[in-house]
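Some notes on the structure that comes next.
What follows draws every value from the coordinates through simple rules; no lab data is involved. The model shown is predicted, which means the values in this text are computed figures rather than measured ones. Don't worry about glycine lacking a Cβ; one is built from the backbone with ideal geometry, like all the others, and counts go over all protein chains shown.
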């Protein structure tokens, strides 16, 4: 009887894992985008979002009108991710990627970039029903020191801090490697003289990998 119970529990656990994986596989990025609450994409109605997906799937380059008076379009759509240009010209882009979370749950990773005028990004996390969760549980934003080369001493650090009061970065998430890349864009918003002094002491990009529970910095 004990052996029978062990075997039963084993098969139940296998079924649970398979079921969780199947649920994740059925979460279409296109459906996530279309079914998002209006508050998440306030200037794109659900019908417009459906049109954008249909245009992309049909190989039509046509963009959709948004409520800001501009154009929006799908830039990329795979079984793992959708990337949308919310405001044309690269002014605002967003990618949505469903990922497995824990043993049998999932999250939506939302990566957004806004040209200010240099690209500046952010990452946020949502439950499958689009309920927001605390980003700090899953990702710790880099500090100024994270962007410095390792050989920078305190005196030079203070000088660089004056030259680079803040670090903006373009965010991107690769669904294949589950890697988040932050590429600093200081050359696009700092005065050239300041950037020339600082560039050799700044890290070009930072990488983090999703381990199923949180983003872990790649050393």
Förster-model FRET efficiency, 41 Å R0, residue 161 and residue 137, C-beta, rounded to 0.05: 0.90
Spin-label point model (7 Å from Cα, Cβ direction): what's the residue 127 to residue 192 distance in nm? 5.3 nm
Could you tell me the calculated FRET efficiency between residue 46 and residue 104, based on Cβ-Cβ distance and R0 = 25 angstrom, to the nearest 0.05? 0.30
Based solely on its DSSP helices, what 222 nm [θ] is calculated for the chain when runs of n ≥ 4 H residues each add -39,500 (n - 2.57) and the sum is averaged over all residues, nearest 500 deg cm²/dmol? -8500 deg cm²/dmol
Name the most mobile residue of 37, 98, 29, meaning the one with the largest mean-square fluctuation, in a Gaussian network model of the chain with Cα contacts below 10 Å. 37
Mind giving me the FRET efficiency for residue 154 and residue 116? R0 is 22 Å, r the Cβ-Cβ distance, nearest 0.05 is fine. 0.15
Pick out which of 121, 59, 70 has the largest mean-square fluctuation in a Gaussian network model of the chain, springs linking Cα atoms closer than 10 Å. 59
Cβ density ranking, 10 Å radius, fewest first, applied to 216, 74 yields 216, 74
Cα-based helix-to-principal-axis angle, 2-26 vs the chain, degrees rounded to 10: 50 degrees
Within 10 Å of each residue's Cβ, count the other Cβ atoms and sort 55, 126 from fewest upward. 55, 126
Row for segment 132-212, column shape: gyration tensor on C-alpha, a ≥ b ≥ c, rounded if a/c < 1.5 i.e. under 1.5, prolate if a/b over b/c, else oblate; value prolate
So what's the angle, to the nearest 10 degrees on a 0 to 90 scale, between helix 46-57 and the longest Cα principal axis of the chain? 90 degrees
Is segment 56-143 rounded, prolate or oblate when judged by the Cα gyration tensor, a ≥ b ≥ c being the square roots of its eigenvalues, rounded requiring a/c under 1.5 and prolate requiring a/b larger than b/c? oblate
State whether the chain is rounded, prolate or oblate according to the following rule on the C-alpha gyration tensor (a ≥ b ≥ c being the square roots of its eigenvalues): a/c under 1.5 gives rounded; otherwise a/b larger than b/c gives prolate, and the remaining case gives oblate. oblate
Gaussian network model of the chain, Cα springs within a sub-10 Å range: biggest mean-square fluctuation belongs to which of 61, 172, 39? 39
Angle in degrees between helix 154-163 and the longest Cα principal axis of the chain, rounded to the nearest 10: 90 degrees
State, to one decimal in nm, how far the label point of residue 174 lies from the label point of residue 213, with both points 7 Å from Cα in the Cβ direction. 2.5 nm
